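Okay, so here's the structure we're looking at.
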Amino acid sequence: MVLLNPRPPWCAAGVPPAASALSGDALFLLAGVCLAGFLLWRTASRRNGRIRRIRETLEDMSHGLLRSRVYDSSPDEIGELARAVNALGTFVEEQIDHSCNESRKLGSIIDGMIEGVLAVSGTDKLLLLNAAAERMLGLRSEAVAGCYFWQVLRIPAVLELVEFCRTREAPMTREITLASPGQRDRILEVHASKLEFEGSTRPGAVLVLHDISTLRRLETARKDFVANASHELKTPLMALRGFLETIRTDGDMPEETRNRFLERMSGNCDRLDALVDSLLQLTRMESPEAQGPFRPVDFGKVAEESHRGFREEAEKKGIDLELMIPPGDLEIPGDEEALRCMLDNLLSNAVRYTDPGGWVRLSASEEGDFLTVTVEDSGIGIPPEHLPRIFERFFRVDPARSRGLGGSGLGLSIVKHVADLHGGTVDCESRPGEGSRFLVRLPRTSGRNRTASDCVQPKRPEM
Ligand code: ADP
């Protein structure tokens, strides 16, 4: 029988001897190759994984996750790369923290400034508005954030200044007045400088605003004061010069006329004297260096002395001048000379503006923590519309009458200064034709509580 497809002889017996010896080596080799391949693959995939983690960490960092780190402590090159990436992350994080702190610090400084600060970008957008600028311009940062500055600042002078300063190297300054209904005008000094931005073709601007309203008001008050004082001084001086010239040039002047002129000259000298005294008193009250230290003052004694000083004048005018102070001492800490000056001014006004037959009363009492001093009169009184202004310098209800009676227009402003100096207050109640009552309250530190009812109270005028 012929086999069509005879099987090799070694098939029947399994593996031929030579082949079976070979196949053992091949298998061993194959296994070695597989193992090597597997080890290579494993090493490569671990290496890729480590590199991928580094890449992912870098991607995290580039998206702002600066705390992202690679955990790879191997001593090889990839480990070193991981440590370098971590160090870079730490460095960038520290730098950003530092610059955040710096910008927070800068923000607090800018917000704490008395001056207003406002910054505008090259595209006219509002970049910064500090708290002072918000107050001065009546704006709120949150409401105007991202707006164009010309949408919120509709002040032509400021808009012009921003445009001008962009074209100049040196800063520019302008004074602007902001009128707000029902309130005093606000005067601002605006300094504008160019603000350059990297990569921007058009510069921005930074404005620094100083509120100089108080300064301007003080300047006006000072100018008014100088003008008023010069006018007050000039009037009696001119009168003196006139009388002097007349007496000098008229050799035949009758004795009687000359004496009358001399009397008028003496009156003008008294007026000048009183005015200069008032000016000196006011200067003393306004300059703390010129004032003596506070000492315990026996206010009862000061009131008695002041009262005594006006007794003769009141008697001459037929005015009943009363003094009502409780027994014992009324001691307060203060400046004795200033307190005497305050009482003199109040009493001199009361006697001056009270017609013959009237009365003037000075009383003092302790009320709680205060010493209350009252000067009342039954005089001409003050119309209500003038009451808010009577403590202003040189204010007079009736200038001609006040001048005629020797008033300087400074008496009540001195009284107000003395009350302020002692931490006290002064108020006035008055009715035309019925009289006036000036009430001064001064803080006291010691003494038992006494009230005006401890002494006999005469009838007070109804006001
Ligand atoms: P003057 O030197 O003109 O009296 P003051 O400052 O002392 O200046 O007072 C201001 C104005 O207040 C006076 O011109 C006067 O019109 C008014 N005045 C002050 N005290 C009295 C008073 N006791 N009675 C009426 N008017 C007064």
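The values are calculated or read from the model by the stated rules, or taken from the named source; none is laboratory data. Not measured: the values here are computed from a predicted model. So basically every Cβ, Gly included, is an ideal-geometry build from the backbone, and we count neighbours across all protein chains shown. The area values use the complete protein model at the heavy-atom level, side chains included, leaving out ligands, DNA and RNA. Shrake-Rupley method; radii C 1.70, N 1.55, O 1.52, S 1.80 Å.
Can you name the residue in region 382-406 that is more than 6 Å from the ligand (Cβ to nearest atom) and in a loop (DSSP other than H, G, I, E, B) and is also modelled with the lowest pLDDT among such residues? The residue in question is GLY406.
Give me the residue from region 215-231 that is surrounded by 13 or more Cβ atoms within 10 Å (Cβ to Cβ) and under 20 Å from the mean Cα position of the chain (by Cα) and, out of that set, modelled with the highest pLDDT. Filtering region 215-231 for residues that are surrounded by 13 or more Cβ atoms within 10 Å (Cβ to Cβ) and under 20 Å from the mean Cα position of the chain (by Cα), the one modelled with the highest pLDDT comes out as ARG216. I'd like to know if region 407-424 contains one or more residues that are within 12 Å of the ligand (Cβ to nearest atom), under 30 Å from the mean Cα position of the chain (by Cα), of a type in the set (Ser, Thr, Tyr) and open to solvent by less than 10 Å² (accessible area, probe 1.4 Å). Checked region 407-424: at least one residue is within 12 Å of the ligand (Cβ to nearest atom), under 30 Å from the mean Cα position of the chain (by Cα), of a type in the set (Ser, Thr, Tyr) and open to solvent by less than 10 Å² (accessible area, probe 1.4 Å).
In region 121-134 there is at least one residue that is surrounded by 17 or more Cβ atoms within 10 Å (Cβ to Cβ) and of a type in the set (Ser, Thr, Tyr). Restricting attention to region 322-346, the residues that are surrounded by 23 or more Cβ atoms within 10 Å (Cβ to Cβ) and touching a His at 6+ places or on another chain (Cβ under 7 Å) add up to 1.
Quick check, is ARG166 open to solvent by less than 50 Å² (accessible area, probe 1.4 Å), under 14 Å from ASP124 (Cα atoms) and not hydrophobic (A, V, I, L, M, F, W, C)? So ARG166 fits the description; yes. Of the residues screened, LYS301 is not one that is more than 15 Å from the ligand (Cβ to nearest atom), closer than 28 Å to GLU232 by Cβ and modelled with pLDDT of 90 or more. I'd like the residue in region 88-127 that is under 14 Å from SER141 (Cβ atoms) and part of a helix (DSSP H, G or I) and, out of all such residues, is nearest to the chain's Cα centre (by Cα). Among them, the one singled out is ASP111. Considering (1) at pLDDT below 90; (2) under 30 Å from GLU134 (Cβ atoms); (3) surrounded by fewer than 14 Cβ atoms within 10 Å (Cβ to Cβ), the lone condition that ILE109 does not fulfil carries the number (1). For region 368-381, the set of residues classified as near the ligand (Cβ under 6 Å from one of its atoms) and of a type in the set (Asp, Glu) consists of ASP377 only. Among the residues of region 417-463, those that are at pLDDT 90 or above and of a type in the set (Ser, Thr, Tyr) comprise THR425, SER430, SER436.
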